[in-house]
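Shown next, in structure tokens, is the structure this report addresses.
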Amino acid sequence: MAVLKAIDFFELLTKLAVSDNSNFIKDENSISTFSELARESIANAKKIFANFGTGKRFFISADHSVFFVEAFLSVAASGNIAIPVNPSLPTEQLKDLAHKFKIDYIIEDHYPQMKKIFKIPELSGDNGAMALLTSGSTGDSKAVVLSHLNILANAASV
């Protein structure tokens with residue numbers, strides 16, 4: 001597969017939607033090609049944007065699966081920040097982390113049913129795409145925000 005230059009996930013997904021039909025990811029329930037994953041993520045990104053706007057923080061609590069990858073890409077492509085969390089966290093710990101990091105929404109196992117679709121806003125490569133929770137040097141969790149360009153540059157180098 002050729003390297004696709006992009007400044008954000010929405011642009012990358014748009015290119016992938018028409019570029020590659022080989023299998024990309026598989027879990028125990030499904031297999032997804034690059035183009036299927038891209039098309040689904042674009043559709044979900046539009047729904048997320050239409051219903052929630054941009055700049056919101058989404059916890060994504062899901063096992064390693066096609067769903068997790070699709071949820072991550074959808075949130076990032078919608079102009080929001082995806083924050084993966086361990087799906088086995090006890091409810092109280094998840095609530096504490098959500099409060100501490102001012103989480104707006106939690107995606108667990110399905111997207112809300114959304115009907116309206118609006119144009120995705122133009123994003124710059126410097127927009128936050130993801131935040132990773134760390135243990136922090138003091139033992140308190142901290143968040144590291146990564147931009148679209150950070151993640152895409154890292155993927156291109158690999």
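The values are calculated or read from the model by the stated rules, or taken from the named source; none is laboratory data. Remember, predicted model here, so these are calculated numbers, not experimental data. Positions of Cβ are generated from backbone atoms using ideal geometry, with glycine treated the same way; all protein chains shown enter the neighbour counts. Protein only, heavy atoms only, side chains kept; ligands, DNA and RNA dropped before computing areas. Shrake-Rupley method; radii C 1.70, N 1.55, O 1.52, S 1.80 Å.
How much length would be gained if the chain were fully extended between Asn23 and Lys142, taking 0.36 nm per residue of separation minus their Cα-Cα distance, in nm to one decimal?
Value of the extension gain: 39.3 nm.
Express in Å², to the nearest 10, the accessible area of Leu132 obtained by rolling a 1.4 Å probe over the protein heavy atoms while all chains stay in place.
70
Leaving out ligands and nucleic acids, note down the accessible area per residue over the range 1-112 with a 1.4 angstrom probe, in whole Å².
54
Taking all protein chains together and a probe of 1.4 Å, list Phe49, Phe24 from the most accessible to the least accessible.
My answer, sorted largest first, is Phe24, Phe49.
Full-extension gain between His64 and Thr91, please, as 0.36 nm times their residue separation minus the C-alpha to C-alpha distance.
Roughly 7.8 nm would be gained on extension.
So which GluC sites (Glu not before Pro) in the range 1-78 pass both tests, a DSSP loop state and at most 13 other Cβ atoms within 10 Å of the Cβ?
When the GluC sites (Glu not before Pro) of the range 1-78 are filtered for loop state and at most 13 Cβ neighbours within 10 Å, Glu28 remain.
Calculated FRET efficiency, Ser30 and Asn154, Cβ-Cβ r, R0 25 Å, to nearest 0.05?
My answer for the efficiency is 0.45.
Counting only protein chains, not ligands or nucleic acids, how are Arg57, Arg39 ordered by accessible area (probe 1.4 Å), most first?
Reading off the accessible areas and sorting them downward yields Arg39, Arg57.
Applying a 10 Å radius around every beta-carbon, put 138-147, 74-83 in order of their mean neighbour count, most first.
74-83, 138-147
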